Amino acid sequence: MKNIVILISGGGSNMAAIVRAAQRDDWARAYGAQVRAVISNRADAGGLTFAREQGIAAEVVDHKQFAGREAFDEALAAAIDRHQPALVVLAGFMRILTPAFVGRYQGRLLNIHPSLLPAFPGLHTHQRAIAAGCRFAGATVHQVTAELDHGPILEQAVVPILPDDTAATLAARVLAQEHQIYPRAIARLLPTL
Ligand code: GAR
């Protein structure tokens with residue numbers, strides 16, 4: 001079985017969309033793949049409850065328990081590797097990862113970012129797109145490389161920015177698209193792993 005491990009920090013709506021797509025499209029039968037575990041760096045991440053309800057292993061590796069990034073990433077990698085992952089999926093995982101961690105999962109580490117990369121890497125993407133006067137925004141699924149929010153692009157979705165948009169209304173419009181493109185990107189990648 002190709003095991004998928006999903007990393008979250010918050011609500012986990014992208015994670016839930018992936019889990020639902022795996023159920024709906026029977027990824028076990030179609031690709032010999034399963035969502036094996038959900039790991040959060042925050043114990044209060046809402047997505048952990050959903051994962052447990054689905055019978056998926058849900059674990060916490062709390063970054064605050066570690067002296068630095070290297071130590072946290074080593075503990076995180078150990079937790080991930082216990083599930084023998086074919087694919088590691090960052091889904092609203094709000095930690096910067098060390099080059100060693102990224103290198104360990106090279107080619108099988110994905111991220112979703114709420115902008116049309118290479119525009120607006122980093123935080124506050126929706127506010128920045130509105131402030132720049134962009135007419136369109138969107139989301140990007142990409143392979144993770146050592147450089148933050150870079151790496152080969154697998155999927156993108158575009159949405160309009162409307163005249164009365166706030167960061168919150170735009171974020172909601174983009175998030176609905178994220179839920180479409182992230183499962184699709186994973187389903188396209190699984191046969192190659
Ligand atoms: C999503 O919009 C995702 O693109 C973004 O966080 C949100 C998580 O929502 N990720 C980043 O900003 C990564 N830099 P979710 O927890 O409901 O999936």
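Among the listed residues R69, R36, R42, R95, which satisfies the condition of being closer than 18 Å to L189 by Cβ and not aliphatic (A, V, I, L, M)?
Being closer than 18 Å to L189 by Cβ and not aliphatic (A, V, I, L, M) holds for just one of R69, R36, R42, R95, which is R36.
Of everything in segment 65-93 that's open to solvent by less than 20 Å² (accessible area, probe 1.4 Å) and touching a helix residue (DSSP H, G or I) at 6+ places or on another chain (Cβ under 8 Å), which residue is farthest from I112 (Cα to Cα)?
Only one residue tops the list, namely F72.
So if I check each of D44, D62, D73, D25, which one is within 16 Å of the ligand (Cβ to nearest atom) and charged (D, E, K, R)? Reasoning before the result, please.
Details: D62 fails: within 16 Å of the ligand (Cβ to nearest atom); D73 fails: within 16 Å of the ligand (Cβ to nearest atom); D25 fails: within 16 Å of the ligand (Cβ to nearest atom).
On inspection, the qualifying residue turns out to be D44.
Please go through segment 2-22 and give me each residue that is more than 13 Å from the ligand (Cβ to nearest atom) and under 12 Å from I80 (Cα atoms), ordered by number.
Scanning segment 2-22 gives N3, I4, V5.
Can you tell me which residues in segment 65-95 are over 18 Å from I4 (Cβ atoms) and in a loop (DSSP other than H, G, I, E, B)?
Hits for segment 65-95 are F66, A67, G68, M94, R95.
Across segment 145-157, what is the number of residues that are within 14 Å of the ligand (Cβ to nearest atom) and either over 16 Å from the mean Cα position of the chain (by Cα) or free of Cβ contacts under 8 Å to residues at least 12 places away in the same chain (or both)?
Matching residues across segment 145-157 total 1.
Name the pairs: first residue in segment 158-187 and at pLDDT 95 or above, second residue near the ligand (Cβ under 10 Å from one of its atoms) and in a loop (DSSP other than H, G, I, E, B), Cβ to Cβ under 6 Å, at least 6 apart or on different chains?
Matching pairs, first to second residue: V174/P114.
Mind checking which residues of segment 16-64 are assigned to a loop (DSSP other than H, G, I, E, B) and surrounded by fewer than 12 Cβ atoms within 10 Å (Cβ to Cβ)?
Within segment 16-64, D26, A43, D44, G55 meet the criteria.
On the basis of being within 16 Å of the ligand (Cβ to nearest atom), open to solvent by 20 Å² or more (accessible area, probe 1.4 Å), of a type outside the set (S, T, Y) and assigned to a helix (DSSP H, G or I), does A171 make the cut?
Yes, satisfied.
Go through segment 119-144 and give me each residue that's in a loop (DSSP other than H, G, I, E, B) and within 14 Å of the ligand (Cβ to nearest atom).
Within segment 119-144, A119, F120, P121, G122, L123, H124, V144 qualify.
Suppose we filter N3, N14 for residues that are in contact (Cβ under 8 Å) with a residue 60 or more places away in the chain and closer than 19 Å to A139 by Cβ; which single one remains? Break it down stepwise before answering.
Working: N3 fails: closer than 19 Å to A139 by Cβ.
Testing whether each residue is in contact (Cβ under 8 Å) with a residue 60 or more places away in the chain and closer than 19 Å to A139 by Cβ leaves just N14.
Looking only at segment 80-138, count how many residues are basic (K, R) and more than 15 Å from the chain's Cα centre (by Cα).
The qualifying residues number 4.
So A100 passes all but one of these: (1) over 23 Å from V35 (Cβ atoms); (2) in contact with a helix residue (DSSP H, G or I) (Cβ under 7 Å, 6 or more places away or on another chain); (3) crowded, with 20+ Cβ neighbours inside 10 Å. Which condition number does it fail?
Among (1) over 23 Å from V35 (Cβ atoms); (2) in contact with a helix residue (DSSP H, G or I) (Cβ under 7 Å, 6 or more places away or on another chain); (3) crowded, with 20+ Cβ neighbours inside 10 Å, A100 violates only (3).
The values are calculated or read from the model by the stated rules, or taken from the named source; none is laboratory data. All of these numbers come straight from a predicted model, not from anything done at the bench. Glycine also receives a Cβ, built like all others from the backbone with ideal geometry; neighbour counts cover every protein chain displayed. Heavy atoms of the whole protein, side chains included, go into the accessibility calculation; ligands, DNA and RNA do not. Shrake-Rupley method; radii C 1.70, N 1.55, O 1.52, S 1.80 Å.
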